[in-house]
C-alpha cells in the first residue's frame, strides 16, 4: 500500500541560489567537504550524487541516472528559476521553515515559498544575528543590549532559533547561563579582536546566545553530528548537551537536535529521556541516499514517534529539497511496508505515524496552522 | 523453518507489580523517561508501545494493535494476577534470574516463578545491599565489615551480583580495588552525610562493592548503555570498563555487560577480546521492538556465539516479560531464516546457536541445571 | 545480475604461515583475542568461524559447513602449501600489498604472490622498522639518522607505509611533528630503557615516525578501530586523528584509515570531509561474516565511492584471504542487487562502482599498473 503523506513541513532548510552554479560549483553542493575532490574522483560518485541523478532528471525531461553533463546542460537550457520551480513544487513540501543566517545570493523565505508554492516561516540563526549586531556595536554594553533586544524582537515573528555552536566551539559548553560580568568581559574581548564579519567562537558568548533564545520559549534548533570540516565531529555528539538539556528543562523551551549522524541513536535517546527534546535526521537522509531507510530506522528505535521531525536541510540547489523529500518518503514507505507486512505495525498506525513525522509533529511544535492535505 | 527454542533463561529481570497501575502509570513503564510525555504525544507511540499492543492483546482476548484504552479496560476486568499469569506463562520463560534490588511493591523471585510457571534465582544488586547495610551501620568499620560479610553470605545462595555504578557515577571508575584506608574514609564521609535511604554515589565505595563481588567468583552483571535519565549516556560506554576488565582477568570472575545500546558493538568487542566477558542486549530489544533484529544482528557481529545471553530486563509490567521474549524470538527467527536461506549458516548451526543464546549460555555461566525442553 | 569484478587489489594484508598450526592454533587465528576461549565455548562459533566453514571446505573437497575436525584433518592431508595455493588462487586476488612488519614464520610478498598467482607490493610498517633500527643503534642520534634514512630508502621501492600507533599509544597523539630536540630526548630515553626487540610506545617517537612517512608523500595506512586487546578501542576512534589529518593536508600525503569498526561511519565522514583521506573496512568484513553487507553499507553512506578500498587484512591462514574476498564480493553483490532492483542505482553505475572498490581505487592511489581483467 503506497503511503499517503500530507504536504511536508520542512522545519529546517535554507534558501536556493538565485544564479546557477557552474559544474564544479554544482558538485560542491553535493558534499560537506570544502576542498576539491581527490584526484580521479568526483563528488557525483556518492550516495547523494546518485540520489540527485535518480530523482531529478525525470523532472527536467531526462532519464533517471543520466550522466552529470547532460543534466547540467539541460539545467542551463531551462534556466535557474524554472528548474527551481519544477523541483521545489515536485517535492510535496507545504511549509518551509528557513534558517536565514547563511551568506550567499540565496532566496529568502517568501521568495522560496513563492517558487515552491507553499508557506514559509523564519528560523533565526543566533550566531549570524550576533555577528550582524557586532558589526555595528561600539562596545560590549551596546552589543549585549542590542543583541538581547534583537532576540526578543525576533521572537515576535520568527518560529524558532537555531545555534551552530557545534561548529564554532563544539557541544561541550558549560551548561549554565554565563553571568553578566562574564558576558560583558567576553564581548569586550571579542569586539576588540574582531574584524568586520568575524565569526563568533567564544564559548561564553555562545552560551549567552543559547540562553537568550531559551528564555523566549520558542523551539531552539541545535546542530549536532556531521557537517562541514569546520567542526570536529567528536565534539558534536549530542550527548555532550546532556547537562545543558537538564539545565533548560525547567524553562519549558523545546530543544530540537538536528541531524545527529552518526550519533543519531544518541540524539534519539535524548528525545526519549527528556520531555522537551526533539530530533530530526535531515542532513543524514539526503547524504546517505539509498541508505536513508536504514538511518531513519535507527533514529526510530528510541525517538518517540511524536518527537521526530522531517527536514531537508537543503541549501543552494533546488535538487536538495527534492532529494530530501524523496529519500524521506521512500525511506518511510519502505520501513512501514516492511513493518506492516510482518504484522509488527498496523496499517492504521503506519499511516498515522507517517503523518506525524512528515508534518504533524512540526506543526504542533512550531504552532503552525495545519496544512490542507 | 520455524525456530524451536528451549525454555528461555531470562538472566536479568525484576519483579512484577502486585497492583495494577492506572493509565498514565502503565504508560510510564513503556519509557526510560522519568518525566511526562511531551504535549500532544503518548508513550504508547514508540516501538515498545507498538510491540506491547502487538503481542499482548491477543492473550487477553483482544485483537492485536487495539488502542490503549480497551486494552487497559480489559486488563482491569481480568485483574492483575490473571493478567500476569497469562502473559508470563505465554512468554516461554523457564528460568527467571531476578535482580531483587529495585524498590516498589514487586513480586519476589519465588512469587514471580510461581506466577510464570518456572524456576527462579536471585541476583543481588550491590548498591541496594550496601544501602540497606548503611541504614543500620553506626560507623565506617561496622559498615564495611557487615557489607563484606553480606556479600560473602549472599554468594552462598545467589547466582550472581549486579552493579548499577553506571547510574551512580559512570563507568569511568579507577580500575583497581581501593585500599582499606580509602574505603574507610569514604564510608565515614558517606555515613556522616547520608539520610536514611540515601543513595551510594561515592566512586571509592562503588569500586569496593565491585571488587567485593569479584572476589566471590560469581558472575557480575554490569549495567552499561542506555537507561533512565539519571545516567549520562556517554559515561555508560562499556569501553570505559576496559581497564577494570583487565584488572579482573586474573581473578576468574565472569563479567556480564548488560544492554550496552547504543554501544552494543563496543560491548560485543569486549566479549570478543576478553575470555571472561559476556554480553546481552536485553533492554535494547524490548525498547526497539520491530528493530530488535537489527540490534541483535549488530551484537552478533563480534560477540562469540557462546557469550551472548538472553534477558528481558522486564520490570513492573508482565507485558514486558512477554514482549522481551517475543521480540527476541522474532528477531532470532528472522535473522536465522535470512542467514540460512542465503547459505551463510547451516540449519543445524542455526538451531544450535539459537539454543545457546536462548538458554544454554546462561545455564553454563550461572551453573543452572538445564531446563527440560 | 551477478557482479563481475576485476581481479581484486588487496591493499592491506600480511603473509601466510609456512607451517600449518594445530587445532587450537588454527582457531586462535579466528579471533582478535589473545587468550583462550571461555569455558564451554569455541572460537569457531563466531561469524568469522562460520564464514570460514562456509567458503573453504568446498575448495578442499568437503561440504560447506562441515565441522571443524574433518576440515582440519583434510587440511593436514593436503599439506600447508597445497591448501594455501588452492585458497589463495580461488580468492580472485590479483595484487597483494603486504605489510611486512609482523613477526612469525610468514611468507614474504614474493612468496605470497607466487602461491596466489598474483603480483605483490610492499607496505612498510613504521614501528617494526624503527624497532629493527633500534636493535642496532648505539645512541639517539644514530637511531634518528638511520631511521630517517631507512624511511627515505624504503619509499623508493615500497608502495606505502603503515602505522600501528593505535595499538601503541592510541590515536590521540599531538597532531604536529615533534621538533628535533624532543625526538632526540625521547629516543635517548627509549634506547636506554629498552631491551632488544622492545616495542616502541613513546608518543613523541610515534609522531616522528608518522611525519617521516608523511614527508615521502606515499600513502600512509593507519590502523583505526578494533584489533587485538593490546589496544583500548575507545582510543582508536579515527576522529581522534582529525587534527593530524588537518596538519597533513598541505603535505599532499594520502592517509588511509584501515578497518575503523565500530567507528567506520566516523572514518567515512573523514574520507568525505578531507580530500586526502581514504578508508577501508577490511578486518571488519571478515570478522562480521554474514553481516559484512550491513557493515559495508554503513561505510558507503558517507565515504565517496572513489575513496573506499578493498582489503582482507588476512594474516597467517590462507582461509582469511579467501574469506576476505568472498565476504566482500558477497556483500557488494547483495547491496548492488538491492540498490539496482529498487531503481536507486543504475546497473551501469553499480558495475562501475564495484570495480572502483575492488581494484581501481587502490590502483589509482598506489600507482599500480591496472591488472588485466
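The values are calculated or read from the model by the stated rules, or taken from the named source; none is laboratory data. All values reported here derive from a predicted model rather than from experimental measurement. In this analysis, Cβ positions are derived from the backbone assuming ideal geometry, glycine residues included, and neighbour counts consider all displayed protein chains.
Here B:102, B:87 are screened, and the one residue that is assigned to a helix (DSSP H, G or I), more than 10 Å from chain A (Cβ to nearest Cβ), within 18 Å of residue B:312 (Cβ to Cβ) and in contact (Cβ under 8 Å) with a residue 24 or more places away in the chain is B:87. Could you go through region A:140-156 and let me know if any residue there is under 21 Å from residue A:103 (Cβ atoms), touching a strand residue (DSSP E or B) at 6+ places or on another chain (Cβ under 7 Å) and either within 14 Å of another protein chain (Cβ to nearest Cβ) or at pLDDT 95 or above (or both). Yes: one or more hits. Checking each residue in region A:105-139 for being in contact with a strand residue (DSSP E or B) (Cβ under 7 Å, 6 or more places away or on another chain) and not in a helix (DSSP H, G or I) picks out A:105, A:106, A:107, A:118, A:119, A:120, A:121, A:122, A:123, A:124, A:125.
Being buried (at least 24 other Cβ atoms within 10 Å of the Cβ) and within 9 Å of chain B (Cβ to nearest Cβ) is true of residue A:300. Count of region C:187-205 residues, restricted to those that are in contact (Cβ under 8 Å) with a residue 40 or more places away in the chain and on the phi < 0 side of the Ramachandran plot, is 10.
Right, residue A:312: buried (at least 24 other Cβ atoms within 10 Å of the Cβ) and not in a helix (DSSP H, G or I) or not? Please lay out each step first, then the result.
Working: buried (at least 24 other Cβ atoms within 10 Å of the Cβ): yes; not in a helix (DSSP H, G or I): yes.
Here the answer is yes, as residue A:312 does meet what is asked.
If you filter region C:263-282 down to residues that are within 10 Å of chain A (Cβ to nearest Cβ) and assigned to a loop (DSSP other than H, G, I, E, B), you find that the one that is surrounded by the fewest Cβ atoms within 10 Å (Cβ to Cβ) is C:275. Residues in region C:333-353 that are surrounded by 20 or more Cβ atoms within 10 Å (Cβ to Cβ), over 24 Å from residue A:333 (Cα atoms) and in contact (Cβ under 8 Å) with a residue 24 or more places away in the chain: C:353 only. Residues that are within 14 Å of chain C (Cβ to nearest Cβ) and either touching a residue at least 60 places away in the same chain (Cβ under 8 Å) or not in a loop (DSSP other than H, G, I, E, B) (or both) do not occur anywhere in region A:1-22.
Scanning region C:283-293 for residues that are at negative phi and either away from chain A (no Cβ under 12 Å) or without any contact (Cβ under 8 Å) to a residue 12 or more places away in the chain (or both) yields C:283, C:284, C:285, C:286, C:287, C:288, C:290, C:291, C:292. For residue A:47, which of the numbered conditions (1) within 14 Å of chain C (Cβ to nearest Cβ); (2) within 24 Å of residue A:283 (Cα to Cα); (3) surrounded by fewer than 22 Cβ atoms within 10 Å (Cβ to Cβ) fails to hold? Among (1) within 14 Å of chain C (Cβ to nearest Cβ); (2) within 24 Å of residue A:283 (Cα to Cα); (3) surrounded by fewer than 22 Cβ atoms within 10 Å (Cβ to Cβ), the lone unmet condition for residue A:47 is (3). When region C:179-200 is filtered for residues that are surrounded by fewer than 20 Cβ atoms within 10 Å (Cβ to Cβ) and part of a loop (DSSP other than H, G, I, E, B), the ones remaining, listed by number, are C:179, C:194, C:195, C:196, C:197, C:198, C:199.
Report whether or not residue C:316 is more than 11 Å from every other protein chain (Cβ to nearest Cβ), in contact (Cβ under 8 Å) with a residue 12 or more places away in the chain and closer than 23 Å to residue C:58 by Cβ.
Values: more than 11 Å from every other protein chain (Cβ to nearest Cβ): yes; in contact (Cβ under 8 Å) with a residue 12 or more places away in the chain: yes; closer than 23 Å to residue C:58 by Cβ: yes.
In short, yes.
Here residue C:102 passes the criteria (1) modelled with pLDDT under 95; (2) over 15 Å from residue C:18 (Cα atoms) except the one numbered (2).
Among the residues of region B:23-34, those identified as in contact (Cβ under 8 Å) with a residue 40 or more places away in the chain and either more than 24 Å from the chain's Cα centre (by Cα) or more than 20 Å from residue B:324 (Cβ to Cβ) (or both) are B:23, B:34.
Any residue at all in region A:216-236 that's away from chain C (no Cβ under 14 Å), in a strand (DSSP E or B) and over 30 Å from residue C:264 (Cβ atoms)?
Filtering region A:216-236 down to residues away from chain C (no Cβ under 14 Å) leaves A:216-223.
Checking which are in a strand (DSSP E or B) leaves us with A:220-223.
The next check asks that each one be over 30 Å from residue C:264 (Cβ atoms); those that pass are A:220.
Yes: one or more hits.
Could you say which residue among A:208, A:149 is free of Cβ contacts under 8 Å to residues at least 12 places away in the same chain and part of a helix (DSSP H, G or I)? The match here is A:149.
From B:351, B:336, which residue is within 13 Å of chain C (Cβ to nearest Cβ), within 23 Å of residue A:339 (Cβ to Cβ) and either assigned to a helix (DSSP H, G or I) or in contact with a helix residue (DSSP H, G or I) (Cβ under 9 Å, 6 or more places away or on another chain) (or both)? After applying the criteria, what remains is B:336.
A quick yes/no check of all residues on (1) under 18 Å from residue B:221 (Cα atoms); (2) free of Cβ contacts under 8 Å to residues at least 24 places away in the same chain:
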site	(1), (2)
B:114	no, yes
B:132	no, yes
B:155	yes, no
B:159	yes, no
B:165	yes, no
B:169	yes, no
B:172	yes, no
B:179	no, yes
B:183	no, no
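For region A:249-262, enumerate the residues that are on the phi < 0 side of the Ramachandran plot, without any contact (Cβ under 8 Å) to a residue 40 or more places away in the chain and either surrounded by 24 or more Cβ atoms within 10 Å (Cβ to Cβ) or within 12 Å of chain C (Cβ to nearest Cβ) (or both). Of everything in region A:249-262, those that are on the phi < 0 side of the Ramachandran plot, without any contact (Cβ under 8 Å) to a residue 40 or more places away in the chain and either surrounded by 24 or more Cβ atoms within 10 Å (Cβ to Cβ) or within 12 Å of chain C (Cβ to nearest Cβ) (or both) turn out to be A:255, A:257, A:261, A:262.
I'd like the full set of residues that are within 7 Å of another protein chain (Cβ to nearest Cβ) and closer than 25 Å to residue C:350 by Cβ, limited to region A:23-36.
First, pick out the residues of region A:23-36 that are within 7 Å of another protein chain (Cβ to nearest Cβ): A:31-33, A:35-36.
A:31, A:32, A:33 - these are the residues of region A:23-36 that are within 7 Å of another protein chain (Cβ to nearest Cβ) and closer than 25 Å to residue C:350 by Cβ.
Taking the criterion of being without any contact (Cβ under 8 Å) to a residue 60 or more places away in the chain, more than 14 Å from every other protein chain (Cβ to nearest Cβ) and assigned to a helix (DSSP H, G or I), the residues of region A:50-69 that qualify are A:60, A:69. Count of region C:207-228 residues, restricted to those that are surrounded by 21 or more Cβ atoms within 10 Å (Cβ to Cβ) and either within 25 Å of residue B:272 (Cα to Cα) or at pLDDT below 95 (or both), is 7.
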